[in-house]
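The values are calculated or read from the model by the stated rules, or taken from the named source; none is laboratory data. Keep in mind the model is a prediction, meaning the values are calculated, not measured. Don't worry about glycine lacking a Cβ; one is built from the backbone with ideal geometry, like all the others, and counts go over all protein chains shown. The area values use the complete protein model at the heavy-atom level, side chains included, leaving out ligands, DNA and RNA. Shrake-Rupley method; radii C 1.70, N 1.55, O 1.52, S 1.80 Å.
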Amino acid sequence: MDAFGKYKTVISARAADKKILKKSQDGGIVSAAYIYGLENNLLDGVIVADKEDEFKAVPKVATTPEEVLNAAGTKYTVCSNLSVLKNAIREYGCEKLGVVGTPCQVIATRKAIKYPVGFRHMPDKIALIVGIFCMENFPYNGMKTIVEEHCGVKIEDVAKLDIGKGKFWVYTKWGETKSIKLKETHPYEQIACHVCTDYTAELADISTGSVGSPDGWSSVFVRTAKGEEFINKMIDEGYLETKPIDEGKFGLGILEKLALLKKDKNAKEIEHRKEIGLPVPY
Ligand code: SF4
């Protein structure tokens, strides 16, 4: 089974700007790409998952590097990024839009480009699609329950959330760190995630996530000619530091293992749902 879909290269990378690294998740690739695009006129607006009080994720259109930095960091809850796609084009007048999303949102964006029913005048305005690795996601109340009831942290005290090394991590505004094993978070997952077989955002121009790279770095799949041109310009102009990805079991090996695990496990769930007559996504 093909683990990653089509790609041209895969590397480890991180933002060269320490300000971005400090505010972002892992290597800060999404923020660095957005900021590079906005500063160099390759993008004139980007869709971000901003956070409001109590760590609620809210989709917004950002048009400045400051707005991108304010929204940096993964929220680990559902954020309807695509709901502001039309606003970005019709109200903000974006002609070169950057879109970021989970693999399912990347698939939806590609579908909207290919079959623009209800999305007239939109396809040629999307300049870059960045996908985030995703094994599962949590509805807001599920995430809140994990944070408050399992980790004992009030949601308003959360500074940052993370998933890594088999655990869900909560960092508080007061410098404390709490964690629980990922297997304890499974009951709170969004149900649709159990029939999703895309881990590495196979239809994005660029896909990124922490798995497969050392702490503070991200793994980056460069998939399309557009994505390749964008990443190469970022490297040439000093926005990104890169190094070859570790091809061993803690690098590409673990990425492959997780991608195949998701495909295999969720393909079985799809078959099971077909057998008992429940709807499946294909
Ligand atoms: Fe979307 Fe799949 Fe991630 Fe769930 S697991 S949020 S369906 S990409």
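When you scan segment 91-106, how many residues do you find that are within 13 Å of A204 (Cα to Cα) and in contact with a strand residue (DSSP E or B) (Cβ under 9 Å, 6 or more places away or on another chain)? Adding up the residues that qualify gives 8. On inspection, C104 does not qualify as touching a residue at least 24 places away in the same chain (Cβ under 8 Å) and buried (at least 21 other Cβ atoms within 10 Å of the Cβ). In segment 239-250, which residues are surrounded by fewer than 20 Cβ atoms within 10 Å (Cβ to Cβ) and touching a strand residue (DSSP E or B) at 6+ places or on another chain (Cβ under 8 Å)? Selection gives E241, T242, K243, P244, D246.
If you filter segment 215-238 down to residues that are assigned to a loop (DSSP other than H, G, I, E, B) and touching a strand residue (DSSP E or B) at 6+ places or on another chain (Cβ under 7 Å), you find that the one that is nearest to D264 (Cα to Cα) is R223. Candidates in segment 185-212 are the residues that are among the acidic types (D, E) and within 10 Å of the ligand (Cβ to nearest atom); of these, the one that is surrounded by the fewest Cβ atoms within 10 Å (Cβ to Cβ) is E189.
Return the residues of segment 75-85 that are closer than 20 Å to G37 by Cα and either touching a helix residue (DSSP H, G or I) at 6+ places or on another chain (Cβ under 8 Å) or open to solvent by 40 Å² or more (accessible area, probe 1.4 Å) (or both); say none if nothing qualifies. Within segment 75-85, N81, L82, L85 qualify. Candidates I254, I206, I245: the one that is more than 22 Å from A72 (Cα to Cα), in contact with a helix residue (DSSP H, G or I) (Cβ under 9 Å, 6 or more places away or on another chain) and modelled with pLDDT of 95 or more is I245. Of all the numbered requirements in (1) away from the ligand (no atom under 16 Å from the Cβ); (2) out of contact with any His (no Cβ under 9 Å at 6 or more places or on another chain); (3) outside the structural domain of A72 (by TED's automatic domain parsing); (4) farther than 30 Å from K19 by Cβ, L182 misses one, and that requirement is (1).
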